[in-house]
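A short reminder: the numbers here are calculations on the coordinates, not readings from a lab. Computed from a predicted structure; not experimentally measured. Here the Cβ is made from the backbone with ideal geometry for all residues, glycine too, and neighbour counts use every protein chain on show.
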Amino acid sequence: MQTVPAARGSAIVRRTPYFCIDPLFPMPYRVTDVRTIFDGWTKFLTARLRTAAGIEVERVILDHGRAAAVLPYDPQRRVALLVTQPRAPLLYLGEAAEMLEVIAGRAGDEDAAAAARREAMEEAGLNLRDLEEVADCWPTPGISTERVALFLASYAETDRIGSGGGADGEHEDISITEMPLRELEKLAKDGKLADMKTLVLVQALLLRRPDLFV
């Protein structure tokens, strides 16, 4: 347990060759060129890759950086705290705009545990102390550089010291839900948790603290 602006347009941003040799698939890949297509809240890149056979291919990269996510749970009341907020990609796909999610956000250069605590205060007005590390994962390595540090954290009712709702000026419209752990378990087992980081953390809590679900 651990207690713990930018120009837009096309430009070559990296020319240094990069090699990657996977011990399971020992073929060296070389990045020969990277171009920035968009540089704003996130970065959208295209990369030219050359294999050992000399074949060149183009790949798309969403350079999103580090993130942190945390599932807070109250072991005394046997509830977990989750959030919902409108998600533009879901609206774009014609899906329901909101789904149950754990608290999460970008970390950037910030320590992942510190980012998780900050997001807990911004989104839920929740003061978290000890964090339990679960994993450090690549959610979508086929396109994104984002790596998410996953945490569990116990809390008490007295730790809810703010109103939450999201950071000032970001118009996140976050709603907070405290859900009984047995109900959350049923959602997980019935395939009703659509957000992957939430599903992983609920399963982690089930494995580590099964006593809370009886």
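Mean shadow of the chain, computed from the convex hull of its alpha carbons, in nm²?
Details: hull surface 58.7 nm².
Answer in nm², one decimal: 14.7.
Suppose a student asked you for the relative contact order of the range 31-116, using Cα pairs under 8 Å spaced at least 6 residues apart; what percent would you report? Before the final figure, lay out the partial values.
Details: 136 pairs, mean separation 19.5, N = 86.
Normalised by residue count, the contact order of the range 31-116 is 23 percent.
Taken about its Cα centre, the chain carries a charge dipole of roughly 780 debye when the Cβ of each Lys and Arg holds +1 and the Cβ of each Asp and Glu holds -1. With coordinates expressed along the principal axes, the C-alpha atoms belonging to the range 86-144 extend over 38, 30, 20 Å, beginning with the largest. Ordering 34, 202 from the fewest to the most neighbouring beta carbons within 10 Å gives 34, 202.
Treating only the Cβ of Lys, Arg, Asp and Glu as charged (+1, +1, -1, -1), what charge dipole size does the range 49-96 show about its Cα centre? Round to the nearest 20 debye.
Here the range 49-96 has a charge dipole of around 240 debye.
What you get for the range 98-145, charging only the Cβ of Lys and Arg (+1) and of Asp and Glu (-1), is a dipole of about 40 debye around the Cα centre.
Residue separation times 0.36 nm, minus the C-alpha to C-alpha distance between residue 53 and residue 133: what's the value? Numbers along the way, then the final one.
Details: separation 80, 0.36 × 80 = 28.80 nm, distance 4.07 nm.
Gain on extension, residue 53 to residue 133, equals 24.7 nm.
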